Amino acid sequence: MSGYLLEARNVTKLFPAAGKKKVHAVSDVSLQIREGETLGLVGESGCGKSTLGRLLIRLLAPTSGEVRFRGENITALKDSDFRRIRKEMQLVFQDPYASLDPRMTVRDLVAEPIETWRLCGSREEVTDRVRELLRAVNVPEEFLYRYPHQFSGGQRQRIGIARAIAADPSFIVCDEPVSALDVSVQNQILNLLRDLKTSRKLTYLFISHDLSVVRYLADRVCIMFLGKICEIGDTEEIYTRPRHPYTRFLLDAVPVPDPSVRGKEIRLLKGEPPSPADPPTGCRFRTRCPRATEKCAASEPELRYIGGVQAACYYAEEGPA
Amino acid sequence: MNEMTLEVSGLTVCYPTEKGAIFPVKDVSLKVPAGSIVGIVGESGCGKSMTARAVMGLLRSPGKVTAGKVFLCGREITALPEKERRKLRGNEMSMIFQEPMTSLNPVMKVGKQVEEAIRLHTDCSREEAKRRTLELFREVEIPEAETRLSCYPHQLSGGLRQRVMIAMAMVCRPRLLIADEPTTALDVTVEAQILKLLEHLRDAGTSVLMISHNLGVIARVCDEVYVMYAGRVVEQASTERLFEQPLHPYSRGLFRSVRSLREGCETLETIPGVVPNLLRLPQGCSFSLRCPECGEKCEKTMPELLETEPGHAVRCFRAEGGEE
């Protein structure tokens, strides 16, 4: 046993692209998730965070590398052998409008995983279990026979969460679960996810482009840029003392709801993001990095420990550029 | 002394539905002074986008402006015939949207699309239009502008597409630019760039009406803010004033819901309940169902939008000090 619930070892995912090119969605990523912790996965669109989430729960197969669940290499398992582990891993999707079948009632939607895994005997037992799950996510029980379109976005996301926890998983990938919701509703869902984590002893991989969401939920955070990990470690530590230049840009760019900081010049990232089909040599961030030197172009910096967190930058010790 | 680029007074929009008429915008008044960025903030369905569409004259049928007036640089435009309204759009006022991909023609090169807009609004030659397009692309800071002219929309990133949209909106140097959630679909580092660009445009003489649900965005660029809820303005103040002392319980709820980057916390603040259905609005204050301070009077009567001090208006009995 490695002691981790989930572990990715040198996971790479290439997608074929036009002109025999390959898109490097995830490149040589290694990370560990401990039982009961929440790992936040942050990055901008196209950085590979959703792909990595899907690789970890074997919705995608890596091009190379392996994923281990409770020490067992699940990448090597046959589908039939993997089935018993599938139940342990669930996914909460971004769009609560698209992820629920519009022709199924709430009862049937939430009952589906219970029936798939044959967790209850009779139909009544299943319905009772559905009621219990709806209570857990604060959806009134009298809505049992309603359809998704009769609910607000927030309630739909609650139903999506009820489905995800129905088979009693130990690991849930939340892929942008609140970004389609109104601000006042987002917090309700985030609080719910946090409560469920404690009451059901869950482990989360929490994917989000919203740094404030991750700040609230994640014990540790992993920042990705163009398929690579830039920085990973304790959330508090990274938010207060970011080591990687990209993390700094990301944190600086978040608009703060305080007009008094307005005069302060915000450092803007220069240029356009490089293409994942044709990533730069060396450090992938170097074409946009104010600190980049020849060394950064010549070879790729490895993740290394700098005071408790890991960062992939040659100049991580030197503070803001 | 301060010239108004846009003045809206008592604007009401009505949509007939099978279950009765709804008013997504009800008695909305607002002003955009020349050379400023004014924000409208609120959640989905609060009427902020609908207000913008009504100002532009772009309401989707069967929606109608049933009351109120819109003045563009002092000229009343609501009563103008459609042909005249059309002349204003693009020339005097233009609009950009949340998702630039849906506003661009996917099978036409972006340079051509901007050229087309130029030729439609001016009588310049093809060559001249081409030159102007390149200028505009440079002005909105599109890197490698020349090569981007011959790109199709799908070949551009979201940020670049939004820049193309802004270039197109700026063709005739309109007096007013309405930006409807212009950065919501973009990454934070790109968002920061686009907000900077909007400030440059403001400095160059285009006033901006900015619609957003993000208080951070509002704080960064707006001079004045209107908070909308269920079709009405519930609070209005300068950005500094509103962020320092929000008075309406809804505004206060929004501010409390903001998640901090600097510190973690145990439980996030929420506003209980959901935005009400416009068909089933409560009799009194629209926010009364979710308001932690709701009193008897609030359930029965809709409060007026009243100034508590010069430049700060709020639609709440509590803030007036009338109900304790």
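Anisotropy class assigned to region A:98-182 is oblate, per the alpha carbon gyration tensor with a/c at or over the 1.5 cut-off and a/b no larger than b/c. Here A:K22 is the anchor, and the lysines within straight C-alpha reach of less than 23 Å, apart from those fewer than 8 places off in the same chain, are A:K13, A:K49, A:K228. Rounded to whole numbers, the Karplus 3J(HN,Hα) couplings from phi for region A:18-23 are 4, x, 6, 7, 10, 8 Hz, using 6.51 cos²θ - 1.76 cosθ + 1.60 with θ = phi - 60°, and x at Gly and Pro.
Taking the Cα centre of chain A as origin and assigning +1 to Lys and Arg Cβ atoms and -1 to Asp and Glu Cβ atoms, the resulting dipole is close to 540 debye.
For region B:155-311, what does the equivalent ellipsoid look like in terms of its semi-axes, each the square root of 5 times an eigenvalue of the Cα gyration tensor, given largest first in whole Å?
Values: eigenvalues 210, 74, 49 Å².
Semi-axes, largest first: 32, 19, 16 Å.
Shown for B:L215, A:L100: other C-beta atoms within 10 Å of each C-beta, ranked fewest to most, produce the order A:L100, B:L215. Plainly put, chain B has a radius of gyration that is 0.99 times its Kirkwood radius, both from alpha-carbon atoms, as the Rg/Rh ratio.
Evaluate the relative contact order of chain B (contact order divided by residue number), counting alpha-carbon pairs under 8 angstrom at least 6 apart; express in whole percent. Walk me through the numbers before you get to the answer.
Working: 598 pairs, mean separation 64.9, N = 324.
Relative contact order here is 20 percent.
Under the convention that each Lys and Arg Cβ holds +1 and each Asp and Glu Cβ holds -1, the size of the dipole of region B:106-248 around its Cα centre is about 460 debye.
For region B:218-299, evaluate the Debye formula with one uniform point scatterer on each Cα (no solvent term) and list log10 I(q)/I(0) at q = 0.17 Å⁻¹, rounded to two decimals. Values, matching the q order: -0.79.
Plugging the Kirkwood radius over Cα pairs into Stokes-Einstein for region B:18-157, at a temperature of 10 °C and a viscosity of 1.306 mPa s, what D comes out in µm²/s? Spell out each step's value before the answer.
On the way: Rh = 17.8 Å.
Reported coefficient: 89 µm²/s.
Note on chain A: Kirkwood hydrodynamic radius from all Cα pairs is 21.0 Å, rounded to one decimal.
Karplus-derived 3J(HN,Hα) values for region B:83-91, using 6.51 cos²θ - 1.76 cosθ + 1.60 with θ = phi - 60°, are 4, 6, 4, 4, 5, 5, 5, x, 7 Hz; glycine and proline are entered as x. Taking θ as phi - 60° and the Karplus parameters 6.51, -1.76 and 1.60, the scalar couplings of region A:105-112 work out to 6, 4, 4, 5, 4, 6, 6, 3 Hz in sequence order, x denoting glycine and proline.
Starting from the Cα gyration tensor of region B:143-201, take the square roots of the eigenvalues, sort them a ≥ b ≥ c, and report rounded, prolate or oblate (rounded when a/c is under 1.5, otherwise prolate if a/b is larger than b/c, else oblate). Please list the in-between numbers first.
Details: a/c = 1.80, a/b = 1.16, b/c = 1.55.
In terms of gyration-tensor shape, oblate.
Please sort by residue number the GluC sites (Glu not before Pro) in region B:1-80 whose DSSP state is loop and whose Cβ has at most 12 other Cβ atoms within 10 Å. Working shown, then result.
Numbers: sites: B:E3, B:E7, B:E18, B:E43, B:E76; in loops: B:E3, B:E18, B:E43.
Listed in order of number, the matching sites are B:E3, B:E18.
Per residue, the protein assembly as shown reaches -9000 deg cm²/dmol at 222 nm when only DSSP H runs of four or more residues are counted, each adding -39500 (n - 2.57).
Filter the GluC sites (Glu not before Pro) in region A:234-321 down to the DSSP loop ones having no more than 11 other Cβ atoms within 10 Å, then list what survives.
Working: sites: A:E236, A:E237, A:E265, A:E294, A:E302, A:E317, A:E318; in loops: A:E265, A:E302.
Loop-located and lightly packed - A:E265, A:E302.
Legend: calculated FRET efficiency, A:R146 to A:R103, from the Cβ-Cβ distance at R0 = 22 Å, rounded to 0.05, equals 0.95.
What translational diffusion coefficient, to the nearest whole µm²/s, does region A:50-91 have by Stokes-Einstein, given a Kirkwood radius computed over alpha-carbon pairs, a temperature of 25 °C and 0.890 mPa s viscosity?
235 µm²/s
State the percent of C-alpha pairs, over all pairs in region B:274-317, separated by a distance greater than 16 angstrom. Don't jump to the answer; show the numbers that get you there.
Numbers: 391 of 946 pairs.
When every Cα pair of region B:274-317 is considered, 41 percent fall beyond 16 Å.
Taking the Cβ of A:E88 as the centre, find all other residues whose Cβ is under 9 Å away and add up their charges (Lys, Arg: +1; Asp, Glu: -1).
Working: positive: A:R70, A:R84, A:R86, A:K87; negative: A:D168.
Within the 9 Å Cβ shell, the charges total +3.
So what is the relative contact order of region A:185-252, in percent, for Cα pairs below 8 Å that sit 6 or more residues apart? All intermediate terms of the calculation are to be shown ahead of the outcome.
Values: 48 pairs, mean separation 13.4, N = 68.
20 percent.
What is the order of B:S207, A:S50, fewest Cβ neighbours within 10 Å to most?
Numbers: B:S207 25, A:S50 20.
Going from sparsest to densest Cβ surroundings: A:S50, B:S207.
To check you understand DSSP bridge types, tell me what percent of the beta bridges within the protein assembly as shown (both residues inside) are antiparallel, rounded to 5. The answer is about 60 percent antiparallel.
According to the square roots a ≥ b ≥ c of the eigenvalues of the Cα gyration tensor, what is the shape class of region A:41-154, taking rounded for a/c under 1.5, prolate for a/b larger than b/c otherwise, and oblate for the remainder? Taking the square roots of the gyration eigenvalues as a ≥ b ≥ c, region A:41-154 is oblate.
For the protein assembly as shown, the ratio of Cα radius of gyration to the globular rule of thumb 2.2 N^0.38 Å stands at 1.01.
Mean partner shielding of peptide A:172-185, defined as the number of other chain Cβ atoms within 10 Å of each residue Cβ, is 4. Around the Cα centre of region B:37-178, unit charges on the Cβ atoms of Lys, Arg, Asp and Glu (plus for the first two, minus for the last two) sum to a dipole of about 380 debye.
Of all beta bridges that DSSP places with both ends in chain B, some 60 percent have antiparallel geometry.
Calculated translational diffusion coefficient of region A:134-284 (37 °C, 0.692 mPa s; Stokes-Einstein with Kirkwood radius over alpha-carbon pairs) equals 182 µm²/s.
Would you tell me the mean number of C-beta atoms belonging to other protein chains that fall within 10 Å of each C-beta in A:208-214, as a whole number?
Working: counts 0, 3, 2, 3, 7, 2, 2.
That average works out to 3.
Read-outs throughout are calculated quantities, based only on the coordinates presented, and are distinct from any laboratory measurement. Note that the structure is predicted; figures quoted are calculated from it, not measured. Every residue, glycine as well, gets a Cβ built from its backbone with ideal geometry; the counts of neighbours run over all protein chains shown.
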